1. Could you give the length gained by full extension between L58 and A124, i.e. 0.36 nm per residue of separation minus their alpha carbon distance, to one decimal place?
2. In nanometres, what is the gap between the two model label sites at Q131 and V178, each 7 Å from Cα along Cα-to-Cβ?
3. Using +1 at the Cβ of each Lys and Arg and -1 at the Cβ of each Asp and Glu in segment 62-188, identify which of N89, L67, G126 lies farthest towards the dipole's positive end.
4. Starting from the alpha-carbon convex hull of segment 63-122, give the projected area averaged over all orientations, in nm².
5. So what's Rg/Rh here for the chain, counting alpha carbon atoms and using the Kirkwood radius for Rh?
6. Using mean Cβ contacts within 10 Å as the protection proxy, how do 104-110, 127-133 order, highest first?
7. Above 16 Å lies some portion of the pair distances; for segment 59-170, what is it as a whole percent of all C-alpha pairs?
8. Mind grabbing the base-10 log of I(q)/I(0) for segment 34-100 at q = 0.15, 0.16, 0.18, 0.27 Å⁻¹? Debye formula, identical points on the C-alpha positions, no solvent, two decimal places.
Amino acid sequence: MRLVLLGPPGAGKGTQAERICASHELVHLSTGDLLRAAVAAGSELGLRAKAAMDAGDLVSDEIVLALVRERLEQPDAAKGFLLDGFPRNTAQAEALDADLGDRGVQRVISMRLDDEEIMRRLLARGRKDDQEIVIRNRLEVYREETAPLIAYYEGKDLLSSIDALGTMDEVFERIQSVLADESAGAGA
């Protein structure tokens, strides 16, 4: 199974990604984790990523794509993977499709959550950067980048949208239902 998990900050992507990967024996590919590992390893890509992050810039699509490509070439990813935080725009999605070819993404799960609930969840975390103005800006950036991405995957008939409101177990059951349908379709 080759999955992409989308959702706004605070939707519970990280928690659900861990559960999905454990349940389906998938490799969890988080671009944040890949970037941190590359920086810690001091690799060429890591040094380039660190320079961008230290300058307060987004890491370029070129660097992120190279890290994802490198990771997808490792043997454990051949059994299946879940991409979390990638792609974050249509250009990255198109590049991913080109890289994967006929082994492309099979399902994209978009976790929906309204702004009031996102705000409540993120403010409750109490992190230093979880202030209302910062959260609102992150949501605006997410919408600008993700709306075209959602349309892109809808156009490919790969998108399943689920309600991320509820307990962790309720949301996981919704995701499992989508994945059961995907598995049933693959076996047909």
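1. Working: separation 66, 0.36 × 66 = 23.76 nm, distance 2.62 nm.
Result for the pair: 21.1 nm of gain on full extension.
2. So the two model labels end up 3.4 nm from each other.
3. Ranked along the dipole, the leading option is G126.
4. On the way: hull surface 21.7 nm².
Orientation-averaged projected area of the Cα hull: 5.4 nm².
5. On the way: Rg = 16.5 Å, Rh = 17.3 Å.
That ratio is 0.95, to two decimals.
6. On the way: 104-110: 19.7, 127-133: 10.1.
Taking the mean over residues of other Cβ atoms within 10 Å, the ranking is 104-110, 127-133.
7. Working: 4172 of 6216 pairs.
Considering segment 59-170, 67 percent of its Cα-Cα pairs are separated by more than 16 Å.
8. Log10 of I(q)/I(0), two decimals: -0.48, -0.55, -0.69, -1.29.
A short reminder: the numbers here are calculations on the coordinates, not readings from a lab. Fair warning: this is a prediction, and the values are worked out from it, not measured in the lab. In this analysis, Cβ positions are derived from the backbone assuming ideal geometry, glycine residues included, and neighbour counts consider all displayed protein chains.
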